[in-house]
Structure formats: C-alpha cells, structure tokens
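Notes to accompany the following structure.
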Amino acid sequence: MTGRFALMIDPVAADEHRSDFADTFKQVDAAAPALSVGELSTQRGDGVFESIGVVDGHAQEVVPHLERLAHSARLCDLPAPNLPQWREAIERAASQVGGGESVIKLILSRGVEHGPTPTAWVTAAPATDFAEVRKNGVRVVTLDRGYDLDAAERAPWLLLGAKTLSYAVNMAALREARRRGADDAIFLSNDGFVLEAPTASLILRFGDSFITPAPNGGILHGTTQLSVYEHLEARGFEVGYDRIPASHLTAADGAWLVSSVRLAAPITAIDGTEIPLNSPLTTELNTYLLSPRT
C-alpha cells in the first residue's frame, strides 16, 4: 500500500436480512477535504473510534473491535452502529492494503451540528514501524489521571469507559512522559491504583501469573490484551484481572504495553526502576499477535 484509503459510510438502521451494503459506501480521496466545517468530531471531539491492526491484508480482532465500538457509542448516546455494515467496510478497506502491517481506523461521530444523522468513515494507511520498540522496549513514568478508581461509576457522564475522539489528555500525557525522559506513561488513579497507558493496555507478570487492571474505573477492555491472555492461557499460564496498587508496579517480573498496532512492547523501566526484559517471551507474544486472528 503506497497511500491512504478512505471510505465514507452512510449509517443505516439495523437490518438482519441485508447482506450487501455497497450502496452505503462512498470512496473519497483520503488527501482531499471530506468533512463539513460544522462536523462535531473536529469541533468538539464528539465521537468514538477504533484502530484495527492489519497484517498482510488481514484485519485483526475485528469482532472485539466492533463490540467495543458499539459499547463506546452506547456510552456516548450515539446511534448504535450497524455492525454487519461496519464489518463490510472493514473488509473493503483491508482489501486495499498490501503486504506488511497497516492500520484501519473506524470513526463514528455525532455528525454536523443540528444535522439529521451521524457521520461515519473508515480509513486505511501503512502502520508505523514498531520493530525496534517490540525488541528493545520502552521506559515509562507514572502519571496521576486526576480521578479515583470509582469515578466512572459515580460520574458516567465523564465517558471514562468509552474510546472517544477526545484524546487531547492522552497526547498531553505522552508529551509529559517525554519531558521526563521516558517513552510512555502509565496512568494512576489519585487513590493509588494502576489504570492503563494513554494508548495501550498494561500487562504485568508475577512469577507464572499475568495480571492486568480490571476493566472498570474507566479502563478500556483491551482487544490486544484479550488476545495475549488467550495465548498465555493456551500455554498454561494463569491470567487474571484485579485492582493493582501502584506500589506493585516495580515488583513485577515483567511488564508490557499492548495495543492493536504497536502490539507487545516490553517495559524496561518504571519511574527509573529497571524491569526485567524477557526477550524470548516478548518475541513469542509478537509472533502470535502477528498471526491471523478474528
């Protein structure tokens, strides 16, 4: 794939009998203007999205990504996406990429202000080369997310469990991490529990057990984390979810940031404390994550 591919979607009501949505798609020039100036995704970040890794033309983890898109839409009071329609759009976008790694983005916004329907589109583009990060790892710092672990339950209007287009805070956290001499960050609740990274899930290893923060408190249930757990369970390891005190981070026997495009990036240091790097296991995880998965 040499450039980008973009497909605008005309949202349609759910129709279990419909099998072809070709007339609801419009391919547009990915380098040309396509959105109205009144579009709320750009004015207010009022929408949701998903990023799907593509390996040699195969879109990975499509089902959990679509389920999470629907979950985010529900939290944001957006119309429920027609998942068969989105699946067909993903297949069309995946067919436009060549070998190697690419990324498909799904975007569903509230549309034009006072408009009748949401705006929806899918893009495909070459992925960033993360080979070095997967091999050599990342150094991270912890950052206070500014709310306690129960905030999402008390204040659902904060949309802490939705993957929204409002990513300014996440990007600011990455810039702050780099100002502190690190590559990435891990968010902590202000009552001292581990949350997630700005653009990734966190997996910790303690002996032969692997643990990730429980998907509450505004933590997204990571699609790649689910795939890693599937592989680890098949290998006989114990996996689980829990509330993880921040003090446990530097006691881990291994740690990874995992996401759909970067895949498994080993953490080599947390707040300056070195974390053991298991290169063979990391290579095994990334080999699995690069294999075709639905």
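The values are calculated or read from the model by the stated rules, or taken from the named source; none is laboratory data. Note that this is a predicted model, so its numbers are computed, not measured. Ideal geometry is used to build each Cβ from the backbone, glycine not excepted, and the neighbour counts take in all protein chains shown.
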Inset, instruction - Please work out which one of (1) surrounded by 19 or more Cβ atoms within 10 Å (Cβ to Cβ); (2) over 12 Å from the mean Cα position of the chain (by Cα); (3) not polar (S, T, N, Q) is the condition Leu83 fails and give its number. - result: (1)
Inset, instruction - Can you tell me which residue among Gln60, Gln27 is crowded, with 18+ Cβ neighbours inside 10 Å and either closer than 22 Å to Val228 by Cα or at pLDDT 95 or above (or both)? - result: Gln60
Legend entry - Leading residue by the ranking (surrounded by the fewest Cβ atoms within 10 Å (Cβ to Cβ)) among those in region 258-278 that are hydroxyl-bearing (Ser, Thr, Tyr) and over 16 Å from Leu143 (Cα atoms): Thr268
Inset, instruction - Return the pairs, sorted by first residue and then second, in which the second residue is among the hydroxyl-bearing types (Ser, Thr, Tyr) and part of a strand (DSSP E or B), the first residue lies in region 231-255 and is under 24 Å from Ala185 (Cβ atoms) and modelled with pLDDT under 95, the beta carbons are less than 7 Å apart, and the residues are 6+ apart or on different chains. - result: none
Inset, instruction - Could you look through region 203-225, keep only residues that are surrounded by fewer than 17 Cβ atoms within 10 Å (Cβ to Cβ) and of a type outside the set (Ser, Thr, Tyr), and pick out the one that is modelled with the lowest pLDDT? - result: Asn216
Inset, instruction - Can you give me the number of residues within region 95-106 that are modelled with pLDDT of 95 or more and buried (at least 22 other Cβ atoms within 10 Å of the Cβ)? - result: 3
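Per-residue answers, yes or no, for (1) touching a residue at least 60 places away in the same chain (Cβ under 8 Å); (2) touching a strand residue (DSSP E or B) at 6+ places or on another chain (Cβ under 6 Å):
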site: His17; (1), (2): no, no
site: Ser36; (1), (2): yes, yes
site: Gly47; (1), (2): yes, yes
site: Ile52; (1), (2): yes, yes
site: Val62; (1), (2): yes, no
site: Leu75; (1), (2): yes, no
site: Asn82; (1), (2): yes, no
site: Gln85; (1), (2): yes, no
site: Glu88; (1), (2): yes, no
